[in-house]
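Asks: First the structure, which I've put down as structure tokens, then a few questions once you've had a look.
Any read-out appearing in this document is the output of simple, stated calculations on the displayed coordinates, not a laboratory observation. Not measured: the values here are computed from a predicted model. Cβ sites come from the backbone with ideal geometry, for glycine too, and all protein chains shown count toward neighbours.
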Amino acid sequence: MRRPAAGAVARLDRRSARARFGAQKHDDHGSPRDFEKLIRRFLARLIPGRPVTSPRLFGPDAHAVRRSQISRAALDVTRKLQQAGFKAFIVGGAVRDLLLGFQPKDFDIATDATPEQVKPLFRRAFIIGRRFRLVHVLAGSDTIEVSTFRGRQAGEDASDEHGRLLSDNVFGSQAQDAVRRDFTINALYFDPVAETVWDYVGGVADVKAKKLRLIGDPVTRYREDPVRMLRAVRLAAKLGLRIEKKTAAPIPTLAPLIQNVPPARLFDEMEKLLLSGHAVESLRSLRQHGLHDGLLPLLDVILEQPLGQRFIELALANTDERVRLGKPVTPAFLFATLLWHEVLASWNAAKAKGERPIPALFAAMDRVLEQQAARLAIPRRFEAVIKETWALQPRFEQRSGQRPFRLLEHPRFRSGYDFLWLRGHSGEIPVEIADWWERFQRADTAEREAMLRPDEGPKKKRRRSRSRGRRRPAESGNSGSPSLSEH
Ligand code: ATP
Ligand code: MG
């Protein structure tokens, strides 16, 4: 097992003697320290974010992360790899979150073992991915992702004409693996056995300073992968970090590069952003950096109208609250809210031209989704839910006869109602309608009957005979409680 030299002594970082972090030196390759290396290391110290080939080691006295904070499964996998003579670390977001005092979502492992060397060490392990291969180790209900250190691809087909990296699948040293990562705080390695943090890029200092800093030259790094601009905004909002000046500066100019990113990847990133529990802050920051244009093209138009702004802010604030309380939220609902005022505008325009309301609504829904798909691909399975949520809205206006009972039984009632609530509380429709439905859900049958409005809706013709065949007349029944299904 390759480990830090036994003689390495923990040394307090003089520039931050008051802080709880300290450092050890370690030569990654065990080669003699020549003059050039010294100079390079010296420069790297002066310029945080500039990569080095030898890491600084922070022992257990120098940071607060303990192996007890790592999941059993991740710890077992790391240990086993190390026992087999390989390097193995917890890496990326988990180390960052732990150092910042947050609970990580998952624990990824990086190693110098190739996928073929990793797989046989575990009973249930699978090599996944074609271009970029990694191993999934199954342990109980946990899946631990083990990836081999990677470097950067050289040569002409490595990037497109804007500098965007097209592949990321060449094995490399640990130092190379560190510098191909995005932010300094995302490039830290934690050895849970020795409880040591390995830092090649000044990430520990940036954690302390609560700074989000790209590794290397920001313009080049954003060109390589424009999604990093979104990640900067999202991670800063989520973790309460400041985007370091040089990292923030090129964003407004490079923002249009977002349009070269495959729409499915943008969706994944936006989904993370919206469900981070810090969506309000993230969206504000996206606008501030001029990044929203490529993602939600009409967002500015919506946010300029007071009603649209209130609706979206309310929706996002609600989602943030749910995420923080650990309640389920779905991206489909959120995208339905983000696009609703576009649908409304398009629908109202069609109605003003004399189109019939319901067909006009469906046509408006399709127009908006189609327009959106060009920028950020909302997966089909979400589209169905989004459309259903929108299509239910006119039905909440009908509060006479059997119609409210039927709506109550609709599988998407809850989601439709939550959406209606936002419309009411943002001032788009009278809040009285949302309140009525709130009471109607909770009421018992007799109370519900008493709440019904006189039949003011359009006269049904043959509709009754058709619906009788399909559904039982609603007997709302015994339970006065609202549907428990979540949107
Ligand atoms: P989250 O908490 O949202 O999962 P994360 O940083 O763990 O944040 P992942 O997408 O899980 O995000 O990525 C894991 C690690 O892979 C990151 O910490 C970073 O080191 C590296 N990484 C992710 N995306 C990029 C990128 N676009 N460019 C370079 N490195 C990246
Ligand atoms: Mg992660």
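Asks: Hey, got a sec? Which trypsin sites (Lys or Arg not before Pro) in the range 86-163 land in a DSSP loop and have at most 12 other Cβ atoms within 10 Å?
Replies: Loop-located and lightly packed - Lys105, Arg123, Arg124, Arg130, Arg131.
Asks: Would you mind checking the pairs Lys210/Lys238; Lys208/Lys245; Lys327/Lys387 and listing those with alpha carbons more than 21 angstrom apart?
Replies: Long pairs (Cα-Cα over 21 Å): Lys327/Lys387.
Asks: If the chain between Glu388 and Gln117 were fully stretched, how many nm would it gain, using 0.36 nm times the residue separation less the Cα-Cα distance? Don't jump to the answer; show the numbers that get you there.
Replies: Values: separation 271, 0.36 × 271 = 97.56 nm, distance 4.85 nm.
Here the answer is 92.7 nm.
Asks: Okay, next question. Pull out the extension gain between Ile429 and Thr253, defined as 0.36 nm times the separation in residues minus the alpha carbon to alpha carbon distance; nm, one decimal.
Replies: 59.4 nm
Asks: Grab the alpha carbons of the range 130-284, take their convex hull, and tell me the volume per residue in Å³.
Replies: For the range 130-284, the hull spanned by Cα atoms encloses 146 Å³ per residue.
Asks: Here is a further query. Calculate one ³J(HN,Hα) per residue across the range 438-454 by plugging θ = phi - 60° into the Karplus curve 6.51 cos²θ - 1.76 cosθ + 1.60, and present them in order as whole Hz with x for glycine and proline.
Replies: 4, 5, 4, 4, 7, 6, 8, 4, 5, 5, 4, 4, 5, 7, 4, 7, x
Asks: Run through the range 211-283 and list the trypsin sites (Lys or Arg not before Pro) located in a DSSP loop whose Cβ has at most 15 other Cβ atoms within 10 Å. Don't jump to the answer; show the numbers that get you there.
Replies: Working: sites: Lys211, Arg213, Arg221, Arg223, Arg228, Arg231, Arg234, Lys238, Arg242, Lys245, Lys246, Arg265, Lys272; in loops: Arg213.
Passing sites in the range 211-283 do not exist.
Asks: Just in the range 161-254: which GluC sites (Glu not before Pro) are loop by DSSP and have at most 13 other Cβ atoms within 10 Å?
Replies: In loop regions of the range 161-254 (DSSP not H, G, I, E or B), the sparsely surrounded GluC sites (Glu not before Pro) are Glu161.
Asks: Mind giving me the FRET efficiency for Gln288 and Gln402? R0 is 60 Å, r the Cβ-Cβ distance, nearest 0.05 is fine.
Replies: Using R0 = 60 Å, I get an efficiency of 0.75.
Asks: Same structure, new question: Once you list every other residue whose beta carbon is under 10 Å from the beta carbon of Trp421, what net charge do they have if Lys and Arg are +1 and Asp and Glu are -1? Each step should come with its number before you reach the end.
Replies: Details: positive: Arg423; negative: Asp418, Asp435, Glu438.
My count for the surroundings of Trp421 gives -2.
Asks: Add +1 for every Lys or Arg and -1 for every Asp or Glu among the other residues with Cβ under 10 Å from the Cβ of Val135, and state the total.
Replies: Its environment carries a net charge of 0.
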